[in-house]
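Take a look at the structure below.
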Amino acid sequence: MNNKKQRSGVRIHRAEIEIKLSGRTDWWIKKAVRACFKKEKSAAVYDLDIIFVHDRYIRGLNREYLGKNNRTDVLCFPYNSGNTLQADMFISVDSCRRQAVSYGHTTLREILFVVVHGVLHLLGWEDRSPASRKKMWLRQEQILSATGVPG
């Protein structure tokens, strides 16, 4: 019997994408992920890979796996293993930059909003209807507020 306590983890990959943000971007991302699990009262052990990509790449994933021929800001691919929530989360930096300008906040804040959105999907949240989308976005704002994210 293995009595080792499993640890949660987040790995961040930039796939040749330069993101000119605060030197603490990775720290903020990990803090946002932890806040999601805490606020959702989830004791799940998680093992997440967050991969930053361009629009063209995420559009290809969206077309191949979901049959949608358009770009999106985040796609999550869970592949749970035992008691561990494992997933790859792809985030379009291009979409985050555009959305940050559109919503009038920083790119860092938009990236964190999208990360929280992806984690909530992994925890079972849906946003297929206007009502569920509104509820999910409100929850994302609550979680981000709890992290103290700037801008």
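Some notes on this structure:
- Taking amide H positions as modeled 1.01 Å from N, with prolines and chain starts lacking one, the residues under 5 Å from GLY9 and 5 or more places away or on another chain are TYR46, ASP47, LEU48.
- Look at the Cα gyration tensor of the range 9-146: its axes a ≥ b ≥ c give a/c under 1.5, and that counts as rounded.
- Taking every alpha-carbon pair under 8 Å whose residues sit at least 6 apart, the range 9-146 reaches a relative contact order of 24 percent.
- For the listed residue pairs LYS31/LYS68; LYS38/LYS68; LYS41/LYS135; LYS38/LYS135, the alpha carbons are over 22 angstrom apart in LYS31/LYS68; LYS38/LYS68.
- Separation in nanometres of the label points that stand 7 Å from Cα toward Cβ, at LEU66 and HIS54: 2.1 nm
- Selection from GLY104, ALA43, TRP27, by position along the positive dipole direction of the chain (Cβ): ALA43
- Using only side-chain charges placed at the Cβ, +1 for Lys and Arg and -1 for Asp and Glu, the dipole size of the chain relative to its Cα centre rounds to 400 debye.
- Going from the residue with the fewest nearby Cβ atoms within 10 Å to the one with the most, CYS36, CYS76 rank CYS76, CYS36.
- Counting only residues at least eight positions apart within a chain, or on another chain, the aspartates and glutamates with an alpha carbon under 13 Å from that of LYS30 are ASP47, ASP49.
- For the chain, a Gaussian network of Cα nodes joined below 10 Å ranks VAL119, VAL45, VAL74 by mean-square fluctuation, and the top entry is VAL45.
- Taking amide H as placed 1.01 Å from N in the peptide plane, ILE51 has its amide H under 5 Å from the amide H of HIS13, MET89, PHE90, ILE91, each at least 5 places away in sequence or on another chain.
- Gap separating the Cα centres of the range 69-113 and the range 114-138, nearest whole Å: 12 Å
- Computed [θ] at 222 nm, helices only, for the chain once each DSSP H run of length n ≥ 4 contributes -39500 (n - 2.57): -15500 deg cm²/dmol
- Counting only residues at least eight positions apart within a chain, or on another chain, the aspartates and glutamates with an alpha carbon under 13 Å from that of LYS134 are GLU126.
- The chain: DSSP helices with Cα axial extent of at least 20 Å and average Kyte-Doolittle hydropathy no lower than 1.0: 107-122
Read the figures in this text as sums done on the coordinates, not as results from a lab. Here the structure is a predicted model, which is why all the values come from computation and not from measurement. Cβ atoms come from the backbone with ideal geometry, glycine included; neighbour counts cover every protein chain shown.
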